[in-house]
Amino acid sequence: MTTMASNMSDSVSEAQQAFEGLVNTIRSGSNIDRTWLTHCDLSMQTEDIDSGFEDGCTLLHLAASHGHVQATKLLVEFVDNVDVVVPSGFLVNNTPLSLACYMGELAVVQVLLEAGAEVNPAQGLVPEPLAFACYEGHVDIASVLIQAGADLNNGSRNGSTTLIPACIRGHVKIVELLLQSGVEMNRPNKFGRTALHYAAGGGHNDIVELLLDGAAINHVSDTGETALFAAAKHGHRSTVGLLLPHTDATICDEHGWSPLFIASAQGHVDVVRQLLVACDVNQTDKTGKTALHVAIDKGLEHVVAELTTVCSIHVRDAEGNSALDVAKGRPHDAIATILTEHVAIESAVVDIDTKGYSWDHRFEDQMTVLIMAARRGRLDVVRRAVVEGADINAYDKNESTALMWAAQHGFIQVVEFLTSFSTCRVNRCGLLDHGAGKVSPFYRALENKHYDVVCHLIANGATWHNREHVTKGHTVLELLASYLTAEVATNILLKDMPIAIKDGMVVDRIRHSFSWATFLDPSLPVDPRVRVRTVRTILLHPSFQSASNPMDVYKALTYATDKHGRYVLHSTDAATRHVLKELLFFCARYEIFDGPPIHVSATAIVVNAYDHGIFNQVFDMHANDDKKLDIYGFLRCSETLLVDYQGMIETPKKREEFAAIDKQHWGCITKEDYLRFCNQKYGGKLKVALKFMRNKHEFEREFKVRHGLHPKFVLHMLPSASPDEIQRTLSTLKIHGGISVVDHPHMLVLPAADRSLQDIHDKEYVSENKIRQMMEEVGRCLQHIHGRGIVHGDLKKLNILRAANRLQLIDMDAATVGSDQFAGGKWRSGILPPEMFYQLSESELDKYSRYWHGVDARVWDKVKPRGNSYVVKCFRTDNDTTDGILPYELEKTTPAMDMWAFGCLMFQMYSGEELVSTDRHQDATDRSIEMAASWSDKALRRGIRAKVRNETAGDLIERLLVLDPSKRLCAEDMFMHPYFDVPSDISAALKEDSMLEHTARRNDAKENPMATNGRSKPTHHRNTRLNEVPHRTIGRRDETRQDETRQVKRMVEIGSQDQHLRPSTWQGLGQKHVDQCAVEPPLRLDGLIKPPNPPISGMSPTTTTHGRATAPLHPDERSFLHAVTCGSIANVKSLLDKGNVHGLVDEDGNTPLHLASANSHVEIVAVLLPLCRRDLRNKAGQTAMEVATMKNLAAASVLQQFLLGGDLSQVPKALRSCG
């Protein structure tokens, strides 16, 4: 019995441990093993001690909320109920599906739906999956749920439809989707509020406009509030303007308050002014008060002034108090004065009616009743006075007209009425206070900040100029920004344009106030729609039609600058930028080159373009919280762009550039500073390549694979326009020749390259040494990606580009990561190894055809059986097949597949022919596919030796094109082959000598196979490790060691004759090595003799601390550091002749050895090591070895050989092993 209890306890402990292990694995995002699930109780629930957020979750809840697709797929196979709910806690009643919807995990949602998850769970869950997606704005998930049958009208337990949460958050795309899907837009929640209530209360005008067509606009909530009431309450002036024409503004809430009441109580004067024309202004609430009573109670003077223009001041509340009575009982003298003046107006009208006074009768201060009424905004009295014949231009004792007083107090309706008469003198001036000068209505309104009145006066012919004492340092344009109409903005701008037309030519105006640039600046609070309309009007204005070439006007205005030197094209908002460039630029930033695309295939289209928006984008990416760039942000911008990449961004040149921009020495620069720098250095635009891709999975794979790869080896991606912006403008883009890219909706932005290897091979003179150099660069690229577990999968000449004077890989859309991926998703059969081919039998042909049934003709033409029923071991990537059985087993991707393709590439570079004949897509033809599938090692060797004259290259190709994948040279061991055993810093003659010497040894070995170490000639290829490489490579270690020794001797001999090499240094190195060649003891660099060189010419002696210079750098010293950084070996050697560099450091404490190491300039490292101290640290506390290791650069291995006192005979190997 005890044993049974113990076993049960062990079982429980094991299950608990398995559960906790799975929880941690899911949270970390790592893959889980299926076998783990068999040791775990899947009904167990998590305990979240820290936050409590994930309390009570099962593993399926956890996988869904963390977006763990692999775990979700496994768990749905094991659990009985995919709709299990969280029993308690923060996530109570939520299913895995609802959590996935909330977190926006589309892939998990699709897995759960396929597993049978209920899209409409039982009533009481809060909220439902679709409501979650709508609230968070996940359009793709909402679309999937709707297609799966989600209930649009059951959003949560409070009765909300799914439309309401979308309206609360302002998700326009979700609202559009729901309306198209048939949601009930007028269905209220338990509070009686509809979607329109929430959209209006949030000021979401785009959604309000969508709902107006079909919404119950006058629906009231349980508290009696309409959508208009909600908009007025929150002061959304533009929303109120949208609703007013369609709604009843007199509907009151439970307290008897109309929208006018709530706007008055909240002090929203602009909204009050809007509502006065639609509401019953004298309506009372349940206490008998009007909106005027409420405003007086709250002491809101401006609201009172607005209300008294139409409200009666005599209405009494339940306590019998009029508005004037209430005002007298409050400490608001200004409000009481306003009411008193209204009483005087009414008294004057009575006198005119009863005493027979003229309408031009002068009352107090020589004011007519028209002036008195205009002064207080009494439009009713103003109308009557004008109709009765009152002089519209009469003025009082201060020569102020009715228009002057209305403008001064901001009564826009009175101003509009008066200016509607042609006899009204809008520029009639009145006296300033104390008679010190005169002023027009325009300046009265401007001084009192009634900018809506100012705009109206401009539209009606008011003359004006900027007056500093009125505008206080601002332009009129800046002050009127939020009230501008397109008409007024055009009027203002045409007075201050940056260009003029003279004799048909566009010329710059010298004296202007930058109004055009200011207007286009998004920081100016202009309605974007007004800005767009104004720009269109200006560009087509008749005043510019006299230009002989209208495009010159367009270009001049597009590239006008503001006072800080920024182009308006770069500084304006997206909508206006689109207007400026929509005819020329894709996505309002990409100026696509004229002419045909640089590449067109069934899956991709590539064009060159200028990117006008990238510098603005990278600044935003790397700016600090203050929206500025420090030196490190500036360097990160340079690293993102990599326009002039030379191996390291932190160069003295970059720091000098930053110092030149930061003229004030603040340690940071603004966006304006950075964009000005980019304009000067790059012309404000960057040449890029746009790659449009057809297949989403290939785009996602390439996007993912490129991250983390070094730009020295794989062409890096550049920041691009957002996916939404690309999709919006894709349909309008037409490439040269009318090519549409609609079927290629996925876009990558890459640096523009020089040429592909295909073009280099076909159009340039390429010597055999140049081929070797290019093959080494391509091999280093493969070594880099293979070292990160990536297989390229499509290595061909068109996918190798020259950029920054170096060959780099592109097209990573066929790449795979990890050893568990299958090959055959994307391929070119002409470069596939034999293991990727399969010959179908008669019985397998039908099965193969069924598997590919339904694909389009283009795909079938690629995969169909060829020759004698040969096919590639490929598979479908669309998952649309109804018969998932293939007649063959798929092959896992391995680096050996890339090495075969590399061998094919080398064969073609040396022979001028393809290994097998291919079509234009580099797929094997019907005649050649059988050859590609049925190679033998003997046939391959025979073909290689017949076509490749360079025997060393041929030997390497033979070791790459091997049938057994395990016997192909890997990228790392490939560089141990003598083909690459040529130092890169010696003369071409020496390189040729080395190759000829190796060939002679190879021929000797053929004639006498037993001559080397008594071993017989191998009869087959073996593994590729260094100590197992066959006789035709450096596996013959003793002979190779002697060969390397001879090379060093040869370097010493040449060095003694070369004026660029320092005889004393190289003689010392060579002599010591030569003397010890026989016994080959380890040689340490500490034994080298450093010649007592004089200081560099022109340089004064410096005081040093631990070998560091403290005096300013001499120009020769700066030139030397620059040569080291840039990798100019010739300049380094030339400057070394001038003196000793011991103790030379830059401003960051970096010695020349630091700079050469960080930039992976291996040859310079080798030259400097005998001359520089190795233990010095820069200001960051790093030695040269630490810098090289941190940068993960090739010099690290060379430094390790030297700094640790390695054998000098290993120098060639160390150089070979570095990229």
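Being over 30 Å from His792 (Cβ atoms) and part of a helix (DSSP H, G or I) is the filter here; which residues of region 832-843 pass it?
Within region 832-843, Glu842, Ser843 qualify.
Step by step: first the residues of region 141-184, then only those that are among the polar types (S, T, N, Q) and more than 27 Å from His234 (Cα to Cα), then the one that is modelled with the lowest pLDDT. Which residue is that? Selected residue: Asn154.
One residue is enough: does region 502-510 have a residue meeting the conditions touching a helix residue (DSSP H, G or I) at 6+ places or on another chain (Cβ under 6 Å) and either touching a residue at least 40 places away in the same chain (Cβ under 8 Å) or crowded, with 18+ Cβ neighbours inside 10 Å (or both)? Yes; the residues of region 502-510 include at least one that is touching a helix residue (DSSP H, G or I) at 6+ places or on another chain (Cβ under 6 Å) and either touching a residue at least 40 places away in the same chain (Cβ under 8 Å) or crowded, with 18+ Cβ neighbours inside 10 Å (or both). Filtered by the rule that a residue be within 13 Å of Ala407 (Cα to Cα) and part of a helix (DSSP H, G or I), region 454-465 gives Val454, Cys455, His456, Leu457, Ile458. Scanning region 1130-1153 for residues that are closer than 15 Å to Glu1117 by Cα and in a helix (DSSP H, G or I) returns Asn1131, Val1132, Lys1133, Ser1134, Leu1135, Leu1136, Pro1152, Leu1153. Has region 531-540 got at least one residue that is modelled with pLDDT under 90 and either touching a Phe, Trp or Tyr at 6+ places or on another chain (Cβ under 9 Å) or over 24 Å from Leu484 (Cα atoms) (or both)? So far as region 531-540 goes, yes, one or more of its residues are modelled with pLDDT under 90 and either touching a Phe, Trp or Tyr at 6+ places or on another chain (Cβ under 9 Å) or over 24 Å from Leu484 (Cα atoms) (or both).
Only helices (runs of 4 or more DSSP H) wholly contained in region 515-618 count here; list those with 2 or more residues that are touching a Lys or Arg at 6+ places or on another chain (Cβ under 9 Å) and β-branched (Val, Ile, Thr).
574-581
Ala199 meets each of the listed conditions (1) assigned to a loop (DSSP other than H, G, I, E, B); (2) crowded, with 20+ Cβ neighbours inside 10 Å apart from (1).
Go through (1) touching a residue at least 40 places away in the same chain (Cβ under 8 Å); (2) in a loop (DSSP other than H, G, I, E, B); (3) not hydrophobic (A, V, I, L, M, F, W, C) and name the single condition Thr284 misses. Result: Thr284 fails condition (1) only.
With the requirement that a residue be closer than 28 Å to Gly437 by Cβ, surrounded by fewer than 24 Cβ atoms within 10 Å (Cβ to Cβ) and among the aliphatic types (A, V, I, L, M), what does region 379-403 give you? Ala390, Ile392, Ala394 - these are the residues of region 379-403 that are closer than 28 Å to Gly437 by Cβ, surrounded by fewer than 24 Cβ atoms within 10 Å (Cβ to Cβ) and among the aliphatic types (A, V, I, L, M). Can you pull out the residues in region 750-780 that are surrounded by 19 or more Cβ atoms within 10 Å (Cβ to Cβ) and either without any contact (Cβ under 8 Å) to a residue 12 or more places away in the chain or in a strand (DSSP E or B) (or both)? Those that are surrounded by 19 or more Cβ atoms within 10 Å (Cβ to Cβ) and either without any contact (Cβ under 8 Å) to a residue 12 or more places away in the chain or in a strand (DSSP E or B) (or both): Leu750, Pro751, Ser756. Restricting attention to region 863-871, does a residue exist that is touching a helix residue (DSSP H, G or I) at 6+ places or on another chain (Cβ under 7 Å), at pLDDT 95 or above and within 12 Å of Leu832 (Cα to Cα)? Looking through region 863-871, at least one residue is touching a helix residue (DSSP H, G or I) at 6+ places or on another chain (Cβ under 7 Å), at pLDDT 95 or above and within 12 Å of Leu832 (Cα to Cα). Restricting attention to region 287-297, the residues that are surrounded by 20 or more Cβ atoms within 10 Å (Cβ to Cβ), assigned to a loop (DSSP other than H, G, I, E, B) and of a type outside the set (Val, Ile, Thr) total 1. Considering (1) crowded, with 18+ Cβ neighbours inside 10 Å; (2) in the same structural domain as Lys397 (by TED's automatic domain parsing), the lone condition that Thr308 does not fulfil carries the number (2). Tell me whether region 439-453 contains one or more residues that are in a loop (DSSP other than H, G, I, E, B), surrounded by 18 or more Cβ atoms within 10 Å (Cβ to Cβ) and not assigned by TED's automatic domain parsing to the domain that holds Ala560. Among the residues of region 439-453, at least one is in a loop (DSSP other than H, G, I, E, B), surrounded by 18 or more Cβ atoms within 10 Å (Cβ to Cβ) and not assigned by TED's automatic domain parsing to the domain that holds Ala560, which makes the answer yes.
Filtering region 815-824 to residues that are touching a Phe, Trp or Tyr at 6+ places or on another chain (Cβ under 7 Å) and among the hydrophobic types (A, V, I, L, M, F, W, C) leaves only Phe822. Check Trp359 against each of (1) assigned to a helix (DSSP H, G or I); (2) surrounded by fewer than 22 Cβ atoms within 10 Å (Cβ to Cβ); (3) not hydroxyl-bearing (Ser, Thr, Tyr) and name the one condition it does not meet. Among (1) assigned to a helix (DSSP H, G or I); (2) surrounded by fewer than 22 Cβ atoms within 10 Å (Cβ to Cβ); (3) not hydroxyl-bearing (Ser, Thr, Tyr), Trp359 violates only (1). Evaluate the following for Val714: is it under 30 Å from Thr561 (Cβ atoms) and touching a helix residue (DSSP H, G or I) at 6+ places or on another chain (Cβ under 8 Å)? No; evaluated as a whole, the condition is false for this residue. Assessment of region 807-819 against the conditions (under 30 Å from Asn868 (Cα atoms), within 31 Å of the chain's Cα centre (by Cα), in a loop (DSSP other than H, G, I, E, B) and not aromatic (Phe, Trp, Tyr)) yields at least one matching residue. Residues satisfying the criterion are present in region 721-728 (criterion: in a loop (DSSP other than H, G, I, E, B), outside the structural domain of Asn1159 (by TED's automatic domain parsing) and either on the phi > 0 side of the Ramachandran plot or surrounded by 20 or more Cβ atoms within 10 Å (Cβ to Cβ) (or both)).
Output the residue which, of all residues in region 872-890 that are part of a loop (DSSP other than H, G, I, E, B) and crowded, with 19+ Cβ neighbours inside 10 Å, is modelled with the lowest pLDDT. Residue satisfying both the conditions and the ranking: Leu886. For region 84-112, the tally of residues that are surrounded by fewer than 22 Cβ atoms within 10 Å (Cβ to Cβ) and in contact with a Leu (Cβ under 9 Å, 6 or more places away or on another chain) stands at 3. Working carefully through the options Arg941, Arg949, Arg968, Arg959, find the one that is touching a helix residue (DSSP H, G or I) at 6+ places or on another chain (Cβ under 9 Å), over 30 Å from Val1167 (Cα atoms) and free of Cβ contacts under 8 Å to residues at least 24 places away in the same chain. Unique residue meeting the criteria: Arg941.
The values are calculated or read from the model by the stated rules, or taken from the named source; none is laboratory data. It should be emphasised that the depicted structure is a prediction, and the values quoted were computed from it without experimental measurement. Glycine also receives a Cβ, built like all others from the backbone with ideal geometry; neighbour counts cover every protein chain displayed.
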